[in-house]
Amino acid sequence: MVSELDDEEIIKRVLSGDVNVFEVLLQRYRPLVFGIVLKHVPHDSAEEVAQDVFVRAYQSLYGYAAKSSFPRWLATLAVRSCYDFWRNHARNRELPLSSLTEEHQRWLDEVLAPQSREAFLEHTARQEGKEVLGYALDRLSAEDRMVLSLVHLDGLSVKEAAKMLGWSIVKTKVRAHRARREMRKIILELIGEGMRLR
């Protein structure tokens, strides 16, 4: 039965012309790909990005070298597809502060209150904090967003993130540092705009 074959055998069969057997790999690794994609792109775009991952995998199968496992290779393609998603959407990321919901504005007001430090720490654990983080992430470049997400939100090492992004370790360290600094700047500007609106 085809579904019982290991990844390498399935790949050999696909490369030999039995393209329909690729469906087994698609079903086998759908949860892995969606797990990665859902962490890094909006939910309404996840299906499209995941499909892109599998199209890339199929098209790149001739270039797959069994130096690493197929799931690891596929995970790298998934991360790079997420990166490409944000790079393609970077032009549309400009959001004025007025686009924040009343809930977000209330959250900013509370952060700016006299007990702001304590209120800020409480609220960062809540959904509003996640949404403000998402707002700030949307303002980062695709490169900064992905490296920040991989290293600081997903907890990957710099070496692991570099491999997934196809970058050198030095470039990844530098980008991670710059991304943290840019994120801090965006959040401070957001708080500053909130103070001017009061």
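The values are calculated or read from the model by the stated rules, or taken from the named source; none is laboratory data. These figures come from a predicted structure and were not determined experimentally. Here the Cβ is made from the backbone with ideal geometry for all residues, glycine too, and neighbour counts use every protein chain on show.
So, of the residues in the stretch 154-187 that are in a loop (DSSP other than H, G, I, E, B) and not charged (D, E, K, R), which turns out to be farthest from the chain's Cα centre (by Cα)?
Keep residues of the stretch 154-187 that are in a loop (DSSP other than H, G, I, E, B), which gives 154-157, 166-168.
Pick out the ones that are also not charged (D, E, K, R) and you get 155-157, 166-168.
Details: G155: 12, L156: 12, S157: 15, G166: 15, W167: 16, S168: 19 Å.
Per the stated criteria, the residue is S168.
Yes or no, residue by residue, for (1) of a type in the set (G, A, S); (2) at pLDDT 85 or above:
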residue: A75; (1), (2): yes, yes
residue: W86; (1), (2): no, yes
residue: D109; (1), (2): no, no
residue: L112; (1), (2): no, no
residue: A125; (1), (2): yes, no
residue: I169; (1), (2): no, yes
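For residues that are aliphatic (A, V, I, L, M) and surrounded by fewer than 16 Cβ atoms within 10 Å (Cβ to Cβ), tally how many sit in the stretch 39-60.
Filtering the stretch 39-60 for residues aliphatic (A, V, I, L, M) gives 41, 46, 49-50, 53, 55, 57.
Then keep just the ones that are surrounded by fewer than 16 Cβ atoms within 10 Å (Cβ to Cβ); that gives 55.
Here the count works out to 1.
From the list K159, K173, which residue is surrounded by 15 or more Cβ atoms within 10 Å (Cβ to Cβ) and assigned by TED's automatic domain parsing to the domain that holds I191?
Answer to the selection: K173.
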